[in-house]
Amino acid sequence: MDGLFGISKDKKTVSVMLKEIPLTELHPSPQNHFRVENDDAMEELTASVREKGILEPFLVREQGGGGYEILSGHRRRHAAIRAELQTVPCIIKKVSDEDRDIIIQDANLQRPYITVSEKAWAIRIKYDAIKRKQGQKSDVENKKAPSALLNSAQTIAEKMGIAERTVKNYIRITYLIEPLQKWVDEKRLPLKAGVQLSYLSEPIQQYICNIMNVENIKINEEKAEELRRSLADATTMDEVFQAIKPNPAAQKKTKLRTEVKVNQNLQRRFFPPDYDEEQIQQVILGLLDGWAIEHNPDYKNEKISG
């Protein structure tokens, strides 16, 4: 926790101060894209705050116009308001905008469950902050070659233990319009399909969203990649409809494909977070195919369509 708050014995670390601050003076950070829900977890947190108070101090910084911006503690603030507390313990720290962004996203990324879009925004904001900091460092050190500095995506990938390509895919999700981001969260739109659609203009994305709703169309990664190419210069709804309308032959082929449903808990347990439903289907069907060849003498080893 000390590492998150920036509290250490290092002489270069900025000093911090602990203070009781009225809740009315604490303001959510505009860089916090995580939704605070009134769910069961919030009920438990509120009950704990009523009984024991705030056990972990908020991390805040002073705002220019008065009051304090929350760096860590957005859910605790909501629970404290519901518990009708008047003041809460806060650690006040002087940090730059870049360090503010990194602290907030590091705290949020530690949550046990976050949506794809929330994770995407956290990674993007942190990516932008690291990029700005590295640019400042490069200027200070008069380095002419940017390659001397670590790539921002590589820095995040190494810290999170994921591939650099995965980091970049998450960042692309933030370029989707909000309804499409929601569909990625709900797995109505596969993550990698969302990545492809994110390269299209917002008006074209909105047309796609409207047509998918009205026609009840699903788009996989292959179709999204095709739309990215064909709609790069499109401007009208009719162009989008012609590109997106279902192909009867393709629909018939899709209906012949075997599907295996896996609940979300098992998906999170066994598959990487960037795997979409189609990829999960292919892995499962491939494993079943191998099992059937070994154990079922009547099994016909036909190629699985997808």
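The values are calculated or read from the model by the stated rules, or taken from the named source; none is laboratory data. What you see is a predicted model; the values in this text were computed from it and never measured. Cβ coordinates were reconstructed from backbone atoms using ideal geometry, including for glycine residues, and neighbour counts include every protein chain displayed. Areas reflect the complete protein model, heavy atoms only, side chains present, ligands, DNA and RNA absent. Shrake-Rupley method; radii C 1.70, N 1.55, O 1.52, S 1.80 Å.
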**Prompt:** For the stretch 113-121, what does the Karplus curve 6.51 cos²θ - 1.76 cosθ + 1.60, with θ = phi - 60°, yield as ³J(HN,Hα) per residue in whole Hz, taken in order and with x for Gly and Pro?
**Reply:** 9, 9, 6, 4, 5, 5, 5, 4, 5
**Fill in**
Using a 1.4 Å probe on heavy atoms of the protein chains only, the accessible area for Leu55 in Å², nearest 10, reads 130
**Message:** Can you give me the C-alpha center-to-center distance between the stretch 49-82 and the stretch 87-123, rounded to a whole angstrom?
**Reply:** 13
**Item:** Two-decimal Rg/Rh across the stretch 71-136, once Rg and the Kirkwood Rh are taken from alpha-carbon atoms
**Value:** 1.05
**Prompt:** Using heavy-atom solvent-accessible surface (probe 1.4 Å) with all chains present, what is the largest-first order of Glu118, Glu56?
**Reply:** Glu56, Glu118
**Message:** Using alpha carbons only, how many angstrom separate the centre of the stretch 271-290 from the centre of the stretch 183-238?
**Reply:** 23
**Message:** What do you get for GluC sites (Glu not before Pro) in the stretch 48-103 restricted to DSSP loop and a cutoff of at most 14 other Cβ within 10 Å of the site's Cβ?
**Reply:** Glu84
**Message:** Spelling out what I want: for every residue of the stretch 62-76, take phi, set θ = phi - 60°, compute 6.51 cos²θ - 1.76 cosθ + 1.60 (Karplus), and round to whole Hz; glycine and proline get x.
**Reply:** 5, 9, x, x, x, x, 9, 8, 7, 9, 9, x, 5, 6, 5
**Complete:** Once amide hydrogens are built 1.01 Å from N within the peptide plane, the residues lying 5 or more places from Thr87 or on another chain with amide H under 5 Å from its amide H are Leu23
**Complete:** Under the Karplus relation with 6.51, -1.76 and 1.60 and θ = phi - 60°, whole-Hz ³J(HN,Hα) for the stretch 215-228, x at Gly and Pro, equal 8, 6, 9, 10, 10, 9, 4, 4, 5, 5, 5, 5, 5, 4
**Mean shadow area of the stretch 165-236, taken as a quarter of the surface of its Cα convex hull (nm²)** = 4.4
**Prompt:** So what is the diffusion coefficient of the stretch 26-100 in µm² per second by Stokes-Einstein at 20 °C and 1.002 mPa s, using a Kirkwood Rh over Cα pairs?
**Reply:** 165
